[in-house]
Amino acid sequence: MKVNNKIVKDNINNHILSYFTADAGWNDDDTLSNLKLQLKSFDYMPTDYAKGAYMVDGGTFLIYHDDVKEFLNGLGINPEGEEYVVAKSWELYKHLIGRQVAELVK
């Protein structure tokens, strides 16, 4: 499955927005508004993609490499039997989150 597949994008969107619910400590469950509010604190960054990628590096989403690899494998984007090395999986995760953050807020 390709990373630009609608199912993959929808799963990543759900993953992102799950961090911006009332259960995650936000005041309400308008997850998209909560995400946009969080992004305002990064207004010094050039793009929404950069803000999303920065949030990954800052620990907003998954922080353990095994969790990232498991998440990526759960998307079905790995060829059968292949496993990403830690650095590659982190960069892919960061790219996918950055891309979808930018898409969600436009």
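Please work out how much length the chain gains when fully extended from residue 87 to residue 24, using 0.36 nm per residue of separation minus the C-alpha to C-alpha distance, in nm with one decimal.
Details: separation 63, 0.36 × 63 = 22.68 nm, distance 2.76 nm.
Extra length available between residue 87 and residue 24 comes to 19.9 nm.
Modelled label positions at residue 36 and residue 6, each set 7 Å beyond Cα in the direction of Cβ, lie 2.4 nm from each other.
Under the combined filter of DSSP loop state and at most 12 neighbouring Cβ atoms within 10 Å, region 61-97 retains these chymotrypsin sites (Phe, Trp or Tyr not before Pro): 64. Cross-link check: pairs 9/51; 9/88; 2/40; 51/106; 2/36 evaluated at a Cα-Cα cut-off of 24 Å; pairs beyond the cut-off: 2/40; 2/36.
Name the helices (complete DSSP H segments) of the chain with a Cα length along the long axis of 27 Å or more and a Kyte-Doolittle mean of at least 0.0, or state none. In the chain, the long hydrophobic H runs are 86-105. Calculated FRET efficiency, residue 44 to residue 66, Cβ-Cβ distance, R0 = 25 Å: about 0.20 to the nearest 0.05. Ordering 44, 32, 63 by Cα displacement along the dipole of region 6-105 toward the positive end leaves 44 in first place; charges were set at the Cβ atoms of Lys, Arg (+1) and Asp, Glu (-1).
All of the numbers you see were taken from the coordinates with simple rules; none came from a lab. Please read all numbers here as calculations on a predicted model, not as lab measurements. Positions of Cβ are generated from backbone atoms using ideal geometry, with glycine treated the same way; all protein chains shown enter the neighbour counts.
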